[in-house]
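First comes the structure, then the notes that go with it.
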Amino acid sequence: MTDKILDCSDLDRHMGKAICPSRPRDPIAKMDIRRWAQAMRYPNRLHYDDGFANESRFGRLIAPQSFAVACDDGHGAAPACVGKIPESHLIFGGDEWWFYGPRIYDGDWIHDERVPFDYVVKETKFGGPTCFQRGDNNYYNQNGDFIAKQRSTSIRYRADIAREAGALTGTEDPEWTESQIVELEARKFEYIKSMHELGHGKRYWDNVNIGDTLPTRVIGPHSIASFTTEWRAYLFNIWCGVVRRTDLDIEALGFTGPMAGKEQDPVLELENPELTDGAYIGPSRGHLFPQWARYIGMPRGYGYGASMGAWILDYLSGWAGEWGMVLHSNAAYRGPAFTGDITIMTATVIDKKIDEKGNPFVQVDFKMSNQLGAVMATAKAEIQLPKR
């Protein structure tokens, strides 16, 4: 029987102390924005069609609100993974976002200041004693404008205990018939049409009522290919795409064995970059290789928590339209997207308010599930809308 101890004694000395900041090596390019929208399966023309974007209120191509996390060098999890927990691994547990108004455009140079926040240890069916650790990412542009804060939650656990528990079952991808795929594509297009119908128009706060439901958004089926497309849209996953951290040591964090590779090592990247590429070697490869997914307690290839968070922000932003904006979102991730599954997003308006500055907004209750009805994520969000 495994000795079920999770040693978190090293974490206290890191709380509240800033870690090495992150920034892309180059200013943001239009193709970075387009690549992100495509990888997140978010066909909002503001983010890839110059003609449409030029006629918008922005007068140019603009990045989705979710794009901020693409500018970080660790999916936002870096300040939520500090301190050594021996024999541990990490998956994503949630993201809370606050947006302050400035948007990201091509030509911007984004940097991220990061501070570990707190942690708590709980018992879980998946991994026994499990550490839920949080850290803040503060995103700024080259002018010092505060774009967004992301409070990321990481779940740190012992992979050997998770393998022993075997809480996640289903090693084989579900099979979809050709007719089912055709039906899925039709369901996906319903959400896309809702964005087309709104176009450059305004979704007025006055016309939204408590109890209204947002259009259903469907993505998938997920695959190793789709997860790989997501991976390459994060700028830090491109060779020399970001200024690498000098304080990152995967083994010192407690990752062990085949999961303690030299992912993001700035010296090795120049000598043999494939050895630093998390798609192939190191703690991230469990997403793309079923063998390594099972090693950390997952049944098969699985998606990225930061992408799940982006899907939520994109879904809400697409409904709000170009005159609206997600102000705040607090999402908890309950289970990843697995290969072969689809992801279904729904939301309901649960409140309408006007803040102390006179800005109207609605609050929505969000749910993400797979084709079997298993809940993957939940969230509460506040969305600012224009008022007549």
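Bear in mind these aren't lab numbers, they're just calculated from the coordinates by the rules spelled out. Keep in mind that this is a model prediction, so the values were computed, not measured. Methodologically, a virtual Cβ is constructed for each residue, glycine included, from the backbone with ideal geometry; neighbour enumeration extends over all protein chains shown.
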### Query
Relative contact order for the stretch 160-275: what is it in percent, counting Cα pairs under 8 Å that are at least 6 residues apart?
16
### From the C-alpha gyration tensor of the stretch 271-346, square roots of 5λ in Å
30, 16, 10
#### Entry: Which of GLN291, ILE85, MET325, positive extreme of dipole for the chain (C-beta unit charges)
MET325
#### Entry: Dimensionless Rg ratio for the stretch 211-330, taking C-alpha atoms and the 2.2 N^0.38 Å reference
1.28
### Query
Counting Lys and Arg as +1 and Asp and Glu as -1, what is the net charge of the other residues whose Cβ lies under 12 Å from the Cβ of ALA18?
-2
### Task
Report, in debye and to the nearest 20, how large the dipole of the chain comes out about its Cα centre when Lys and Arg carry +1 and Asp and Glu carry -1 on their Cβ.
800
### Query
Got the relative contact order for the chain handy, in percent, Cα pairs under 8 Å and 6 or more residues apart?
20
### Summary
Magnitude of the Cβ-charge dipole (Lys and Arg +1, Asp and Glu -1) of the stretch 141-248 about the Cα centre, nearest 20 debye, reported as 660
## Note on the structure
A correct Karplus calculation of ³J(HN,Hα) over the stretch 65-76, with 6.51 cos²θ - 1.76 cosθ + 1.60, θ = phi - 60°, whole Hz and x for Gly and Pro, returns 4, 5, 5, 3, 5, 5, 8, 8, 9, x, 6, x
### Summary
For the stretch 270-388, averaging the sequence separation of alpha carbon pairs under 8 Å that lie six or more residues apart and dividing by its residue count, the contact order in percent is 22
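Can you give me the Rg/Rh ratio for the stretch 52-191, using Cα atoms for both radii and the Kirkwood formula for Rh?
1.10
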### Query
So, by mean Cβ neighbours within 10 angstrom, what's the order for 177-183, 148-154, 121-127, 321-327 with the highest one leading?
148-154, 321-327, 121-127, 177-183
### Task
Provide the per-residue ³J(HN,Hα) series for the stretch 332-343, in order, calculated from phi with Karplus coefficients 6.51, -1.76, 1.60 and θ = phi - 60°, each as a whole number of Hz, with x at glycine and proline positions.
10, 9, 9, x, x, 7, 9, 4, x, 8, 10, 10
### Query
In the stretch 1-73, which chymotrypsin sites (Phe, Trp or Tyr not before Pro) are in a loop and have at most 16 other Cβ atoms within 10 Å, using DSSP for the loop call?
PHE58
### Task
Give me D for the chain in µm² s⁻¹, whole number, from Stokes-Einstein with Rh from the Kirkwood sum over alpha-carbon pairs, 20 °C and 1.002 mPa s.
100
### Amide H contacts under 5 Å for LEU327, placed H, 5+ residues apart
GLU382, ILE383, GLN384
### Query
Which ³J(HN,Hα) values, rounded to whole Hz and listed in residue order, are derived for the stretch 291-304 from phi using the Karplus coefficients 6.51, -1.76 and 1.60 in 6.51 cos²θ - 1.76 cosθ + 1.60 with θ = phi - 60°, glycine and proline given as x?
4, 7, 4, 5, 4, 9, x, 9, x, 6, x, 9, x, 8
### Task
Quick one: angle between helix 178-198 and the longest Cα principal axis of the chain, in degrees between 0 and 90, rounded to 10, please.
50
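Divide by every residue of the chain the summed helix terms, -39500 (n - 2.57) for each DSSP H run of at least 4, and state the resulting mean residue ellipticity at 222 nm, rounded to the nearest 500 deg cm²/dmol. Before the final figure, lay out the partial values.
Working: 8 runs with 79 residues, N = 388.
Taken over the chain, the calculation gives -6000 deg cm²/dmol.
Which entries in LYS125/LYS149; LYS17/LYS84; LYS122/LYS149; LYS149/LYS357; LYS4/LYS84; LYS352/LYS380 show an alpha-carbon gap greater than 24 Å?
Flagged as over cut-off: LYS125/LYS149; LYS122/LYS149.
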### Electrostatic dipole magnitude of the stretch 118-175 [Cβ: Lys, Arg +1; Asp, Glu -1; Cα centre; debye, to 20]
360
### Query
Can you tell which of LEU11, VAL69, GLN133 lies farthest toward the positive end of the dipole of the stretch 1-145, using +1 and -1 charges on the Cβ of basic and acidic side chains (Lys, Arg; Asp, Glu)?
VAL69
## Note on the structure
Counting sequence-distant residues (5 or more places) and residues on other chains, those with an amide H built under 5 Å from that of THR124 are THR130
